[in-house]
1. Filter the stretch 229-245 down to the residues that are among the aliphatic types (A, V, I, L, M), in a helix (DSSP H, G or I) and surrounded by 13 or more Cβ atoms within 10 Å (Cβ to Cβ) and list them by number.
2. Tell me yes or no: at least one residue of the stretch 102-116 is within 16 Å of ligand 2 (Cβ to nearest atom), on the phi > 0 side of the Ramachandran plot and modelled with pLDDT under 95.
3. For the stretch 99-146, which residues satisfy the criterion of being within 14 Å of Ser87 (Cα to Cα) and of a type in the set (Gly, Ala, Ser)?
4. Name the residues in the stretch 60-82 that are over 21 Å from Gly92 (Cβ atoms) and assigned to a helix (DSSP H, G or I), would you?
5. Within the stretch 183-212, work out how many residues are more than 16 Å from ligand 2 (Cβ to nearest atom), within 19 Å of the chain's Cα centre (by Cα) and under 18 Å from Val142 (Cβ atoms).
6. Which ones in the stretch 136-182 are more than 20 Å from Cys199 (Cα to Cα) and either at pLDDT 95 or above or within 17 Å of the chain's Cα centre (by Cα) (or both)?
7. Kindly establish whether Cys209 is surrounded by 16 or more Cβ atoms within 10 Å (Cβ to Cβ) and either closer than 30 Å to Pro36 by Cβ or touching an Asp or Glu at 6+ places or on another chain (Cβ under 8 Å) (or both).
Amino acid sequence: MAENVNEALVLAAGDGSLRGVKAALKAGADIDFYEPDSDGTGPKPIPPCTALHLACIMGHVDVVRLLLRKGASVVKRDRASFAPLHSAVSKGWIKVVEVLLQHGATVDIRDGFQNTPLMAACSYNHVDIVRLPIEFGARPDVDDGYIAERLKVEAENRVFAEESLKLLEEARKSKLLRCCNPKCHKPDYRKNLKLCAGCKLTRYCSRDCQKQHWSVGHKKCCGHDVYSDEQADPFQKMTVQLTKQLLEQADQM
Ligand SMILES: [Zn+2]
Ligand SMILES: [Zn+2]
């Protein structure tokens, strides 16, 4: 048994135990509990992320649904600066990705390396998952993240993630973006879609769509979609800086 209800919650989420998650919440666990300095030792270490994040990594879609219903945060980052959406995408859990987006997770949320989930999906060549964020309004033309930079290089020699890159190119060429209301997805030209004034990351075909997205979850995400070092905890800062150094070294080799 975990030491306390918060740890019990994270472990139950990782195990995919609906019963365990419910019991921990009932016993008063903090739904967004996060142990950033967990050092990964001990018989059953608590990973440095929230219960929702861990369920997203493991692909436990029922637990993800339950936690979202109970108000778990989709913007809280793990120690590596990833939002739950980045992790679900990188693991290839299409159903989890869909559920997160339906609950208002911002489709173009950035991690500490400026990557969007769509970029992450391309880098893993999860072709089905590349389609999904595009359908939910992701910008295919983002080119300033670390992965986007890499993809530009890869696109030139076509050895990597070929199918994903093809989809991305098609989406760019169409010049169409989608309404970010998860119940709408209407395609339109960028100039016709209205940007959310708060985050300037989501866009809508109508006021009604904006209102609907706000009520399904954007209210809690708006303004928390960009990773910044100032808001990061010391562990996140350290992890991101170290990773960046390693990536730069790898690029120079
Ligand atoms: Zn719409
Ligand atoms: Zn917004």
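The values are calculated or read from the model by the stated rules, or taken from the named source; none is laboratory data. Given the structure is predicted, the values throughout are model-derived calculations rather than measurements. We place every Cβ from the backbone using ideal geometry, glycine too, and count neighbours over all the protein chains shown.
1. Listed by number, the residues that qualify are Met238, Val240.
2. yes
3. Scanning the stretch 99-146 gives Ala105, Gly112, Ala120, Ala121, Ser123.
4. Leu66, Arg69
5. Looking only at that region, the number is 0.
6. Those that are more than 20 Å from Cys199 (Cα to Cα) and either at pLDDT 95 or above or within 17 Å of the chain's Cα centre (by Cα) (or both): Tyr146, Ile147, Ala148.
7. The answer is no for Cys209.
Okay, residues lined up against (1) crowded, with 24+ Cβ neighbours inside 10 Å; (2) of a type in the set (D, E, K, R); (3) in contact (Cβ under 8 Å) with a residue 40 or more places away in the chain:
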residue	(1), (2), (3)
Leu9	yes, no, yes
Lys22	no, yes, yes
Pro45	no, no, no
Ser87	yes, no, no
Lys91	no, yes, no
Leu100	yes, no, yes
His103	no, no, yes
Thr106	yes, no, yes
